[in-house]
Amino acid sequence: MRLGRNKMPAAPSAARQPLSAIARGARAVVVGVLGDDSLAERLRASGLWPGAPVEALARAPFGGPLLVRVHGFRLALRREEAARVEVAEVVVP
Amino acid sequence: MTGAAAARRIALVGRANAGKTSLLMHLTGTLQRPVNFPGSSVECVASDVVEGGVRLCVVDLPGLASLQAQSSDEQAALDALQGRAGPAPDLLCAVLDASKLAVELAFLRQLRRLGRPLVVALTKTDVAASEGFPVDTARLQLAIGLPLVVVDGRTGAGAAALRALLAAAEIGGSERALVDRGDGPAASPAAVLPRVIARSATDAIDRWLLHPVCGPIALVAVMVAMFQLVFVVADPAIGWIEAAQDWFGGVVGGLVAHEALRSFLVDGMVNGVGSSLVFVPQIALLYAFVTVVEASGYMARAVFLLDQPLRKVGLSGKSFVPLTSSFACAIPGIVAARILGDERDRLATIVTAPLMSCSARLPVYVVMLAAFFPPQQAGLLLFLLYALGLVVAVAVALVLRRTALRGGGSLLVMELPTYQWPQLRLVAAHTGYAVRSFLRTAGSVILVATVVVWALGYFPRPAAIGERFATLRAAAPAGEAGAARRAQLDAEEAAAYLEQSWLARAGKAAQPVFAPAGFDWRMTVGVLAAFPARELVVPTLGTLYSLGEVEASADAPDERLAASLRSTLGPDGRPTLDALTALAVMAFFALCSQCVGTLAAIRRETHSWRWPLFTFAYMTALAWLVAVAIQQIGRALLS
């Protein structure tokens, strides 16, 4: 059950992947934020710290930002910003 | 705390959207005065209230999400917080959003390290409950070990208790537990938060409003509604103000016998005040609308949907907020650009904001369209004029981001709040504040400028003209029979005075510059008079074009002006204005930056003369080029 692209439902994957890659509706757990610049600081201050459960809620059209739920609120971030957040245990409903 | 004179400075600290502003309103009753942080242009709202013999000076700091600043707003808030700009606050009141408790507690840990006396106001507990995780405040207070009051930003419940706490909290000594000595008791989010999140109403709404197809359609609908509100609903109110202005001018004119003084009061003062007042309905409606959109939580969704398209042209999704405000007036729009964290994004937004057709341009469009185009074409042309500003703004932003403002890039990372019904009180307070500051700043500039334009158009008064017309008037038949002739002579006399006034001389001197665009000297005077403020164009054109008119009609002022714009003849006996020239005039005003207030705002916000001068130069050049192109290409096609 460790195949990243497993189509079977409710199959958590231990493989790390960027938050930007998870599908709409998928849930995952933050492993960490890459880098140590102001973006990384802002992402951590927004609750994307290790262990935080996240859920992908929506994607804006034309490759725009994505919306995730973290700690019960909704956070919008651009795809390249989300690419800095590593998640694991991805569950696609 | 030493008796009745004691005052303490209290800073409200928290995230943007945590509810600081409505909390301040409930704490002190009003949003009284804007204050600038020392050494910066960042404005915040402060208000005073007396509680238990202590005067509380409460400052609402710009939103902070962590103690590392990302924007000039946040830097100013941090400086104020840490006493780097003026005296440090005596007491911090952390305004924490219960619906984001996990990150708020992380922020609180950072705040405690500042070592300042600290109390907590917990807001939005109703939102947390509606999102499916009610907060156990008793447990939370035990966990954080700080005085905590639950306040409801909508009803104001809890504000009195918080006021009492702010007045009574110990701020001097360190013996009380208010000054924290480190991280304090562990306030782990897991201790106070359930892990399972239920679907909420906001999720259901977002399913449609953020849908890849329905979302953009809804956004366009919201924008159309905004323009309908500003241009259709405001119309009757504008009519009432104009009627009141006419009536008042008539009353004043009847009371004052002295000719120059009467002209000064009626044409200068009443006209000047009136020409600023007519914008109040539109500005009030636009602000009310923007506040409703913002308070309901939709503004953040618009930013989310528009981020990618706006980035493609070198702006940011967050530019949407300042650019939207600029449709009412560029000045608050330029100030609102502070929400952009990246300096290059902010400058690109500031420099393009004046291209959004502000409400001061609308009267020019309305008068020209009414005079030269049938109503069914006028609506389309009005839309095209707004589109012209947008298209040029996109082009300018694209060029700038590839040249002077290359590189950089802001962060988006922002919260999309839970949808809420906007509070009427907050909407009213914001709208009232916007209208007052418009009247204070724009009103004074416009008033002074109107008086200057009046004086330049009134003087000099050579005696020869007066004598000539006195003779003609004496020759006219007496009584009813000569009334029409005398009225015509009055108008001719006024026109004769105006033709040799300083204003007309300036217009005639500058006219060659605008000749390729087809502007006659009167329109050139309009352009010159518009420089202090665009609000002056229509009153000035009214004076210049209507003075030659014979009969006073009972039509609306716009109708009167429209008729005289069509009928004014040039030296060659042909009308000086036609539909093509009207198009050139409107395009010129759509693109030019004839507004001292806007340029002053850019100077203030960029701390240099470079950007206001650049904005003025590029906009004026573009406006002239487009007006000339319309006139020359149009003539070539028509002939």
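Of note:
- Sorted by Cβ neighbour density within 10 Å, fewest at the top, the residues B:VAL392, B:VAL273: B:VAL273, B:VAL392
- One compactness figure for the range B:415-522 is 1.90, namely its Cα radius of gyration divided by 2.2 N^0.38 Å.
- The simple Förster model, with R0 at 60 Å and r as the Cβ-Cβ distance, assigns B:LEU384 and B:ALA464 a FRET efficiency of 0.80.
- Averaging Cα coordinates gives a centre for the range B:478-493 and one for the range B:591-618; these two points are 48 Å apart.
- Distance histogram for the protein assembly as shown (every C-alpha pair counted, 20 angstrom bins, percent rounded to whole numbers): 15, 42, 28, 12, 2, 0
- The value of relative contact order for chain A, using C-alpha pairs under 8 Å at least six residues apart, is 42 percent.
- Between B:ALA6 and B:ALA483, the FRET efficiency from the beta-carbon distance, with R0 = 56 Å, is close to 0.15.
- Inter-chain neighbour count for A:62-68: the average number of beta-carbon atoms from partner chains within 10 Å of each residue's beta-carbon is 6.
- CD proxy at 222 nm, helix term only [per DSSP H run n ≥ 4: -39500 (n - 2.57); per residue of chain B; nearest 500]: -18500 deg cm²/dmol
- Number of Lys pairs (Cα under 29 Å; 8 or more positions apart or on different chains) in the protein assembly as shown: 6
- Per-residue mean of C-beta atoms belonging to partner chains within 10 Å, peptide B:303-309: 6
- Virtual spin-label span in nm between B:ASP48 and B:VAL399, 7 Å along Cα→Cβ: 5.1 nm
- 10 Å Cβ shell holding at most 14 others, DSSP loop, trypsin sites (Lys or Arg not before Pro): longest site-free stretch of chain B: B:407-639
- The range A:73-93 and the range B:300-317 have Cα centres lying 19 Å from one another.
- Per residue, the convex hull spanned by the Cα atoms of chain A amounts to 86 cubic angstrom.
- In a reduced charge model with +1 at each Lys and Arg Cβ and -1 at each Asp and Glu Cβ, chain A shows a dipole moment near 400 debye about its Cα centre.
- Sequence-separation-based contact order of chain B, relative, with Cα cut under 8 Å and 6+ spacing, percent: 11 percent
- Projected onto planes of every orientation and averaged, the convex hull of the alpha-carbon atoms in chain B covers 33.8 nm².
- Cα pair distances exceeding 23 angstrom across the range B:40-169, given as percent: 34 percent
All of the numbers you see were taken from the coordinates with simple rules; none came from a lab. If you're wondering where the values come from, they're calculated on a predicted model, not measured in any experiment. Methodologically, a virtual Cβ is constructed for each residue, glycine included, from the backbone with ideal geometry; neighbour enumeration extends over all protein chains shown.
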